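This report refers to the structure that appears directly beneath it.
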Ligand SMILES: [Zn+2]
């Protein structure tokens, strides 16, 4: 074992770069072997390095180098025919970089450590995926998040099964070894996995902390993932975004039970996953949501009506989408009165045409249209009416009475 990495080496080749002997080394003093001029850039060739030059889907390192007391940024490192080139961010007089002089290398450790965690997480996750019969086609571990492209589309259940499996291995805090035999290098995660790999990794799976698929692309052909606190933070953010959309859409400001909202969303998605027609799906979802909502007091003209009120402004619902709801409500047995806020300028009123309600509503709508200051347009839709304000916010005409 060297440094904090666990390296098992036999027949070690002296030309092995230092990052393969100690992934945790942040600084190294090296010697300039030569300077190469590539385009308008200067690149250092050193006798040894802690900078990973990129390759095997792992990004190259970045960092700094101090040469004769002067500091240069290294934003690019690459390997060309077994030579590792460290590009300097600025051009300088090459006579000030004599061959044989000592330089101090410093890698951008935070960035590199993150890549090590992402890379090791990929080994653990892909081991599970391979056991499920799929393989890796492409990817990129870092610098901010990981991307894995599979050889074919993978169903979400399998992806989430392997996500859970990956977190199990992380929690077991297994040792990670680099096994070197001359130029053949494998990464061995205890008894769980062993793969040929020349990249950098953490030495214990527990260092990864946590693994999460953050998005599934192209019907399961690829995933983005993240690790550690960044993964947890992104879950919290996504979860809260989803909840606030649900809370606002469902008008649940007065009674927020997160589990209830969550269950409502899950149930709704499950119930309608088999319906192909988007319009039908939307209608049935809305109906399902409506029946769970309490009646609210809504002032139209001078009269206060009791109705279900649902704010759909975020969903870009158009009156034509409400046709099916109109049919369902107008043919239903109960006297339902539903108000959908469609935008800041318009609402749809959908109701069972009871004579009493219709008469009252017509009277109030006449009152509104006669009023000089309110310019509104009333049009019929299946099972109801759409009221569009031409000159002011619809909330000032159709008022939801806030009850505390
Ligand atoms: Zn690897």
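The values are calculated or read from the model by the stated rules, or taken from the named source; none is laboratory data. What you are looking at is a predicted structure, and each value in this text was computed from that prediction instead of being measured. Cβ coordinates were reconstructed from backbone atoms using ideal geometry, including for glycine residues, and neighbour counts include every protein chain displayed.
Quick one: which of 11, 68 is in contact with a helix residue (DSSP H, G or I) (Cβ under 9 Å, 6 or more places away or on another chain) and surrounded by fewer than 17 Cβ atoms within 10 Å (Cβ to Cβ)? If you could, list the steps in order and put the result at the bottom.
On the way: 11 fails: in contact with a helix residue (DSSP H, G or I) (Cβ under 9 Å, 6 or more places away or on another chain).
The match here is 68.
Using the structure shown, decide if residue 218 is away from the ligand (no atom under 14 Å from the Cβ), surrounded by fewer than 17 Cβ atoms within 10 Å (Cβ to Cβ) and under 30 Å from residue 239 (Cβ atoms).
Values: away from the ligand (no atom under 14 Å from the Cβ): yes; surrounded by fewer than 17 Cβ atoms within 10 Å (Cβ to Cβ): yes; under 30 Å from residue 239 (Cβ atoms): yes.
Answer is yes for this residue.
What are the residues in the range 324-346 that are touching a strand residue (DSSP E or B) at 6+ places or on another chain (Cβ under 7 Å) and part of a helix (DSSP H, G or I), if any? Walk me through it before giving the result.
The first filter runs over the range 324-346 and keeps only residues touching a strand residue (DSSP E or B) at 6+ places or on another chain (Cβ under 7 Å), leaving 325-326, 329, 336-342, 345-346.
Passing the criteria: 325, 326, 329.
Can you find even one residue in the range 373-382 that is loosely packed, with under 13 Cβ neighbours inside 10 Å and more than 43 Å from the chain's Cα centre (by Cα)?
Filtering the range 373-382 down to residues loosely packed, with under 13 Cβ neighbours inside 10 Å leaves 373, 377, 379-380.
Now restrict to residues that are more than 43 Å from the chain's Cα centre (by Cα): 373.
Yes, the conditions are met somewhere in the range 373-382.
For residue 288, which of the numbered conditions (1) surrounded by fewer than 20 Cβ atoms within 10 Å (Cβ to Cβ); (2) touching a helix residue (DSSP H, G or I) at 6+ places or on another chain (Cβ under 8 Å); (3) touching a residue at least 40 places away in the same chain (Cβ under 8 Å) fails to hold?
Evaluating residue 288 over (1) surrounded by fewer than 20 Cβ atoms within 10 Å (Cβ to Cβ); (2) touching a helix residue (DSSP H, G or I) at 6+ places or on another chain (Cβ under 8 Å); (3) touching a residue at least 40 places away in the same chain (Cβ under 8 Å) leaves (3) as the failure.
Would it be correct to say that residue 36 is at pLDDT 95 or above and outside the structural domain of residue 121 (by TED's automatic domain parsing)? Before you say what the answer is, go through the steps one by one.
On the way: at pLDDT 95 or above: no; outside the structural domain of residue 121 (by TED's automatic domain parsing): yes.
Against the criterion (at pLDDT 95 or above and outside the structural domain of residue 121 (by TED's automatic domain parsing)), residue 36 does not qualify.
Would a scan of the range 151-166 turn up a residue that is under 17 Å from the mean Cα position of the chain (by Cα) and within 16 Å of the ligand (Cβ to nearest atom)? Walk me through how you get there before you give the answer.
Filtering the range 151-166 for residues under 17 Å from the mean Cα position of the chain (by Cα) gives 156, 159-160, 163.
In the following step, the residues that additionally are within 16 Å of the ligand (Cβ to nearest atom) were identified as none.
Looking through the range 151-166, none of the residues is under 17 Å from the mean Cα position of the chain (by Cα) and within 16 Å of the ligand (Cβ to nearest atom).
Mind checking which residues of the range 86-102 are surrounded by fewer than 19 Cβ atoms within 10 Å (Cβ to Cβ) and either at pLDDT 95 or above or outside any helix (DSSP H, G or I) (or both)? Show your work before the answer.
Within the range 86-102, the subset surrounded by fewer than 19 Cβ atoms within 10 Å (Cβ to Cβ) is 89-96, 98-102.
Result: 89, 90, 91, 92, 93, 98, 99, 100, 101, 102.
Does the range 167-186 hold any residues that are over 21 Å from residue 114 (Cα atoms) and within 13 Å of the ligand (Cβ to nearest atom), and which are they? Lay out the reasoning, then the answer.
First pass over the range 167-186, keeping only residues over 21 Å from residue 114 (Cα atoms): 179-185.
Passing the criteria: 179, 185.
Anything in the range 38-69 that is over 37 Å from the mean Cα position of the chain (by Cα) and farther than 11 Å from residue 84 by Cβ? List them, or say none. Don't jump to the end; show me each part of the working.
Initial filter on the range 38-69 (over 37 Å from the mean Cα position of the chain (by Cα)): 38-40, 42, 44-48, 66-69.
Hits for the range 38-69 are 38, 39, 40, 42, 66, 67, 68, 69.
Quickly run through the range 129-143 and pick out the residues that are assigned to a helix (DSSP H, G or I) and within 15 Å of the ligand (Cβ to nearest atom). Steps first, please.
If we filter the range 129-143 for residues that are assigned to a helix (DSSP H, G or I), which is where we start, we get 129-131.
Across the range 129-143, the qualifying residues are 129, 130.
Quick check: anything in the range 212-232 touching a strand residue (DSSP E or B) at 6+ places or on another chain (Cβ under 9 Å), at pLDDT below 95 and closer than 21 Å to residue 54 by Cα?
Scanning the range 212-232 turns up no residue that is touching a strand residue (DSSP E or B) at 6+ places or on another chain (Cβ under 9 Å), at pLDDT below 95 and closer than 21 Å to residue 54 by Cα.
State whether the residues of the range 117-128 include one that is within 16 Å of the ligand (Cβ to nearest atom), closer than 30 Å to residue 206 by Cβ and surrounded by fewer than 21 Cβ atoms within 10 Å (Cβ to Cβ). Let's see the steps before the verdict.
Of the residues in the range 117-128, the ones within 16 Å of the ligand (Cβ to nearest atom) are 117-128.
If we keep only those that are closer than 30 Å to residue 206 by Cβ too, we end up with 117-128.
Among the residues that remain, those that are also surrounded by fewer than 21 Cβ atoms within 10 Å (Cβ to Cβ) are: 126-127.
Yes - at least one qualifying residue is present in the range 117-128.
Could you list, in sequence order, all residues of the range 144-158 that are part of a loop (DSSP other than H, G, I, E, B), surrounded by fewer than 18 Cβ atoms within 10 Å (Cβ to Cβ) and out of contact with any strand residue (DSSP E or B) (no Cβ under 7 Å at 6 or more places or on another chain)? It would help to see each step written out before you state the result.
Here is the first cut: in the range 144-158, the ones part of a loop (DSSP other than H, G, I, E, B) are 144-145, 151-155.
So of that shortlist, the ones also surrounded by fewer than 18 Cβ atoms within 10 Å (Cβ to Cβ) come out as 144, 151-153, 155.
Listed by number, the residues that qualify are 144, 152, 153, 155.
What do you reckon, is residue 189 more than 19 Å from residue 142 (Cα to Cα) and within 11 Å of the ligand (Cβ to nearest atom)?
Numbers: more than 19 Å from residue 142 (Cα to Cα): yes; within 11 Å of the ligand (Cβ to nearest atom): yes.
Here the answer is yes, as residue 189 does meet what is asked.
Looking at the range 355-368, can you tell me whether even one residue there is exposed (fewer than 12 other Cβ atoms within 10 Å of the Cβ), closer than 22 Å to residue 294 by Cβ and over 39 Å from the mean Cα position of the chain (by Cα)? Working first, answer last.
Our first condition is that a residue be exposed (fewer than 12 other Cβ atoms within 10 Å of the Cβ); within the range 355-368, this holds for 355-356, 359.
Subset that is closer than 22 Å to residue 294 by Cβ: 356.
Narrowing further to those that are over 39 Å from the mean Cα position of the chain (by Cα): 356.
For the range 355-368, residues exposed (fewer than 12 other Cβ atoms within 10 Å of the Cβ), closer than 22 Å to residue 294 by Cβ and over 39 Å from the mean Cα position of the chain (by Cα): present.
Conditions first: (1) modelled with pLDDT of 95 or more; (2) out of contact with any helix residue (DSSP H, G or I) (no Cβ under 6 Å at 6 or more places or on another chain); (3) within 20 Å of residue 16 (Cα to Cα). Residue 56 passes all but one, so which condition is the exception?
The single condition residue 56 does not satisfy is (1).
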